[in-house]
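The values are calculated or read from the model by the stated rules, or taken from the named source; none is laboratory data. A quick note: this is a predicted structure, and the numbers were derived from the prediction, not measured. Note that each Cβ is placed from the backbone with ideal geometry, even for glycine, and that neighbours are counted across all protein chains shown.
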Ligand code: ADP
């Protein structure tokens, strides 16, 4: 035994490392605001504030059949969306992406997307959910949730991969054109109309059903947000000569906040280890403290340190938990939903997945850790939202935040903790900001944007 500390002492230590006080949160909000401003002013900034070439809000009279392909971080989704009368219907299929596809050749990845779409479309026709008349083409919205630089709605140059992707020959390329090439190989009756980010899709889909929506957020494999900005507040778009009062959706890519210089965020040594061992060290600094891809890994690194120090699991074989990324964020979620005093769910996770026996004291410690790590994530998310609320100056008026992603949807109390964070930042007025789950936001949003694009032409 290296020390005589009890697990309760360790809990205290991690509490002080992971707790964000309100003054600290307000400092982070100010840092975010500065970064937003820089991003709107000039291209190529750390938080790039990417114009999405979606001009203003949907009107509610968008209609028709649309296909949407959503390349997220974990799954590929293909949807058929029917819009009409301010409502939508959606059928979808999900396909799991393999590590080889994420790291292989970019064109092959898009070929796979097109292939899945072909299969899906065929199945829809067989089930007679849709009939594509000869000589017609279905408009297709491509939700591609990585930072892309756009100068029109159906083009997008990938700035850099995030969320663990690394497919070759894609960064710096127009992913719209790459996807069209893959679609042509499949000879499908579809036409790519719009290329969007999942946050922009969530923003538009939420607004379609809730007119108080001003922000769209994703809390999944990654973390990011979009909002609607006045053209007059986007100096880097001055050359387009558009009216100052027109609106443009901005994909913030706030996951990149505090990358490289690391001046603002309270990173622990575990966060630094996650970062340095990632395929993109120093990038996506904000996202690495928040999103589903990383929370389990942060917890795993703490557990491994305590194994090395001889504090946990003495005499047991621990190789299974020593594998990078072996501890999924879903485990933290499951622990926090354990209703038993004995923490039977925690027993199950450790014995079933890692062949490790745990004491009640250890289980209570893990539950405390899960709470600390996920609460910090939710409070940092609140900082991001608060930054956009200040940017739009809409605290008094209030607004809804359309939110989606497995972390938001499945993690117990994640949204409550965001709301508490907003109150800690703004006081009682923080209650004017509410997050709402945006059902199928990225797919439906993609369809609505495709419809808006068709109307504009
Ligand atoms: P994507 O961002 O790729 O569209 P999701 O929104 O489904 O996909 O998010 C996937 C992430 O959610 C993964 O990082 C995974 O670890 C995490 N996750 C999976 N299940 C849960 C859960 N029950 N609670 C919290 N996070 C989860």
Which condition from (1) touching a residue at least 60 places away in the same chain (Cβ under 8 Å); (2) out of contact with any helix residue (DSSP H, G or I) (no Cβ under 6 Å at 6 or more places or on another chain); (3) part of a helix (DSSP H, G or I) is the one that residue 403 breaks? (3)
For residue 78, work out the one condition from (1) at pLDDT 95 or above; (2) over 19 Å from residue 125 (Cβ atoms); (3) touching a strand residue (DSSP E or B) at 6+ places or on another chain (Cβ under 9 Å) it doesn't fulfil. (2)
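Considering each residue of the stretch 54-76, count those that are in a strand (DSSP E or B) and surrounded by fewer than 22 Cβ atoms within 10 Å (Cβ to Cβ), and give that number.
Kept after step one, since they are in a strand (DSSP E or B), are these residues of the stretch 54-76: 64-71, 75-76.
In the following step, the residues that additionally are surrounded by fewer than 22 Cβ atoms within 10 Å (Cβ to Cβ) were identified as 64-65, 75-76.
Here the count works out to 4.
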Starting from residues that are free of Cβ contacts under 8 Å to residues at least 24 places away in the same chain and in a loop (DSSP other than H, G, I, E, B), keep the ones in the stretch 171-182 and report whichever is surrounded by the fewest Cβ atoms within 10 Å (Cβ to Cβ). 172
Mind checking which residues of the stretch 432-454 are outside any helix (DSSP H, G or I) and buried (at least 20 other Cβ atoms within 10 Å of the Cβ)? 433, 435, 438, 440
Exclusive hit being touching a strand residue (DSSP E or B) at 6+ places or on another chain (Cβ under 9 Å) and part of a helix (DSSP H, G or I), set 83, 40: 40
Would you mind stating whether residue 158 is at pLDDT 95 or above, within 17 Å of residue 447 (Cα to Cα), more than 16 Å from the ligand (Cβ to nearest atom) and buried (at least 19 other Cβ atoms within 10 Å of the Cβ)? no
Out of the residues in the stretch 221-244 that are touching a helix residue (DSSP H, G or I) at 6+ places or on another chain (Cβ under 9 Å) and without any contact (Cβ under 8 Å) to a residue 12 or more places away in the chain, state the one that is farthest from the ligand (Cβ to nearest atom). 238
Out of the residues in the stretch 122-143 that are touching a residue at least 12 places away in the same chain (Cβ under 8 Å) and surrounded by fewer than 18 Cβ atoms within 10 Å (Cβ to Cβ), state the one that is farthest from the ligand (Cβ to nearest atom). 136
Conditions (1) buried (at least 18 other Cβ atoms within 10 Å of the Cβ); (2) touching a helix residue (DSSP H, G or I) at 6+ places or on another chain (Cβ under 7 Å); (3) closer than 30 Å to residue 416 by Cβ -> residue 350 fails only (2)
Screening 251, 279 for residues that are surrounded by fewer than 22 Cβ atoms within 10 Å (Cβ to Cβ), closer than 16 Å to residue 146 by Cα and within 16 Å of the ligand (Cβ to nearest atom) leaves only 279
Any idea how many residues of the stretch 77-99 are surrounded by fewer than 16 Cβ atoms within 10 Å (Cβ to Cβ) and near the ligand (Cβ under 10 Å from one of its atoms)? 1
Just to be sure I understand, how many residues within the stretch 296-327 are surrounded by fewer than 18 Cβ atoms within 10 Å (Cβ to Cβ) and part of a loop (DSSP other than H, G, I, E, B)? 11
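Rundown of residues vs (1) outside the structural domain of residue 76 (by TED's automatic domain parsing); (2) within 16 Å of the ligand (Cβ to nearest atom); (3) farther than 27 Å from residue 131 by Cα; (4) buried (at least 21 other Cβ atoms within 10 Å of the Cβ), yes/no style:
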{"position": "145", "(1), (2), (3), (4)": "no, yes, yes, yes"}
{"position": "169", "(1), (2), (3), (4)": "no, no, yes, no"}
{"position": "184", "(1), (2), (3), (4)": "no, no, no, no"}
{"position": "201", "(1), (2), (3), (4)": "yes, yes, no, yes"}
{"position": "217", "(1), (2), (3), (4)": "yes, yes, yes, yes"}
